[in-house]
1. I'm trying to understand the selection: among the residues of the range 46-94, which are of a type in the set (D, E) and either within 21 Å of I22 (Cα to Cα) or within 14 Å of the chain's Cα centre (by Cα) (or both)?
2. Residue by residue through the range 30-79, note down the ones that are touching a strand residue (DSSP E or B) at 6+ places or on another chain (Cβ under 7 Å), in a loop (DSSP other than H, G, I, E, B) and of a type in the set (G, A, S).
3. Out of (1) crowded, with 18+ Cβ neighbours inside 10 Å; (2) within 16 Å of H56 (Cβ to Cβ); (3) modelled with pLDDT under 95, what's the single condition that is false for L119?
4. Got a sec? Which of L109, L58, L69, L34 is among the aliphatic types (A, V, I, L, M) and surrounded by fewer than 17 Cβ atoms within 10 Å (Cβ to Cβ)?
5. Given the condition surrounded by 11 or more Cβ atoms within 10 Å (Cβ to Cβ), within 24 Å of S30 (Cβ to Cβ) and in contact with a His (Cβ under 7 Å, 6 or more places away or on another chain), answer yes or no: does some residue in the range 47-55 qualify?
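The values are calculated or read from the model by the stated rules, or taken from the named source; none is laboratory data. Treat the numbers as computed from the prediction; the structure is a model and nothing was measured. Quick reminder, even Gly has a Cβ in these numbers, built from the backbone with ideal geometry, and neighbours come from all protein chains shown.
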Amino acid sequence: MQFQKENNAGPVAIKAYKPGEIVFFNGIYSEPVLVSNNSVDLYLQAKEFEEVDYQHLLEALPDDIEVLLIGTGPAHKLMPANTMRELNKKGIAVEVMATRQACHTLQVLIHDNRIVVALLFP
């Protein structure tokens, strides 16, 4: 087996997660963030997972998105079924999980060159 050194210079490379804080190579975030393949932006429209306005979130997503990850915080929470159906109808695969797992999944999908957006609640 060959090992390669990964280049973590990109803005979306996650160094660490602990409840209340996500550490990227370009900074530490204690507020919700919307992460794409090339950027990390504060998500000011909701402080908690339960406050997400999915119509607004849908408008913020790029047209070519393949996967939407939602990190719900330290514990897994459920997304309303009707919201999941609406996103799926638009061709968006949605995965909802605790933020620790969402951070890991995000890194794997980006490494696989998938077009992914993650809404992460620390």
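1. In the first step, residues of the range 46-94 are kept if they are of a type in the set (D, E); the result is 48, 50-51, 53, 59, 63-64, 66, 86.
Once the filter is applied, which keeps residues that are of a type in the set (D, E) and either within 21 Å of I22 (Cα to Cα) or within 14 Å of the chain's Cα centre (by Cα) (or both), the range 46-94 yields E48, E50, E51, E66.
2. Scanning the range 30-79 gives S30, S36.
3. Failed condition: (3).
4. Values: L109 fails: surrounded by fewer than 17 Cβ atoms within 10 Å (Cβ to Cβ); L69 fails: surrounded by fewer than 17 Cβ atoms within 10 Å (Cβ to Cβ); L34 fails: surrounded by fewer than 17 Cβ atoms within 10 Å (Cβ to Cβ).
Selected residue: L58, the only one of L109, L58, L69, L34 that is among the aliphatic types (A, V, I, L, M) and surrounded by fewer than 17 Cβ atoms within 10 Å (Cβ to Cβ).
5. No: zero hits.
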